[in-house]
Amino acid sequence: MKAKLIDRISEEVYRKHPDLKGVKPKLTSREGDRSGDTLLVYTKKVTGPGGKSINRVVRAVADQDGKIKKISTSK
């Protein structure tokens with residue numbers, strides 16, 4: 001996937017999840033999927049209730065044209 005498309009997808013993720021702004025995604029191609037979709041995983045440690053550190057994970061599936069098909073997030 002081209003860097004320009006990754007940047008465009010990341011901007012949309014940052015709009016929905018501003019606490020992840022600046023986090024670079026880990027890219028994984030969807031194995032066994034002929035559509036050519038790519039999984040982008042954004043991970044960041046944040047402070048949760050009570051001061052405990054938790055991992056915040058946002059996963060975005062995008063097609064070859066950079067259109068986001070699905071976004072899921074950890075609590």
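Entry remark, region 44-68: residues being loosely packed, with under 15 Cβ neighbours inside 10 Å and closer than 16 Å to His17 by Cα number 7 in total.
Per the listing Val58, Val46, the residue uniquely touching a helix residue (DSSP H, G or I) at 6+ places or on another chain (Cβ under 8 Å), modelled with pLDDT under 95, of a type in the set (A, V, I, L, M) and closer than 17 Å to Thr73 by Cβ is Val46. Give all pairs with beta carbons closer than 7 Å in which a residue from region 58-75 that is touching a residue at least 60 places away in the same chain (Cβ under 8 Å) and closer than 10 Å to Leu39 by Cβ meets a residue that is of a type outside the set (D, E, K, R) and surrounded by 15 or more Cβ atoms within 10 Å (Cβ to Cβ); count only pairs at least 6 apart in sequence or on separate chains. Sorted first by the residue in region 58-75, then by its partner, the pairs are Ala62/Ile9; Ala62/Thr38; Ala62/Leu40; Ala62/Ile68.
Which residues, counting only those in region 16-57, are closer than 14 Å to Ile6 by Cα and in contact (Cβ under 8 Å) with a residue 24 or more places away in the chain? Across region 16-57, the qualifying residues are Pro25, Leu27, Asp37, Thr38, Leu40, Tyr42.
All conditions in (1) surrounded by 10 or more Cβ atoms within 10 Å (Cβ to Cβ); (2) at pLDDT below 95; (3) hydrophobic (A, V, I, L, M, F, W, C) hold for Ile71, with the sole exception of (2). When Ser72, Ser10, Ser35 are checked against the criterion of being hydroxyl-bearing (Ser, Thr, Tyr) and over 10 Å from the mean Cα position of the chain (by Cα), Ser35 stands alone in meeting it. Of everything in region 10-22 that's at pLDDT below 95 and surrounded by 15 or more Cβ atoms within 10 Å (Cβ to Cβ), which residue is nearest to Thr47 (Cα to Cα)? Here the answer is Leu20.
The values are calculated or read from the model by the stated rules, or taken from the named source; none is laboratory data. Everything numeric here is computed off the predicted structure, so don't read it as measured data. No Cβ is skipped: glycine too gets one built from the backbone with ideal geometry, and neighbour counts run over all protein chains shown.
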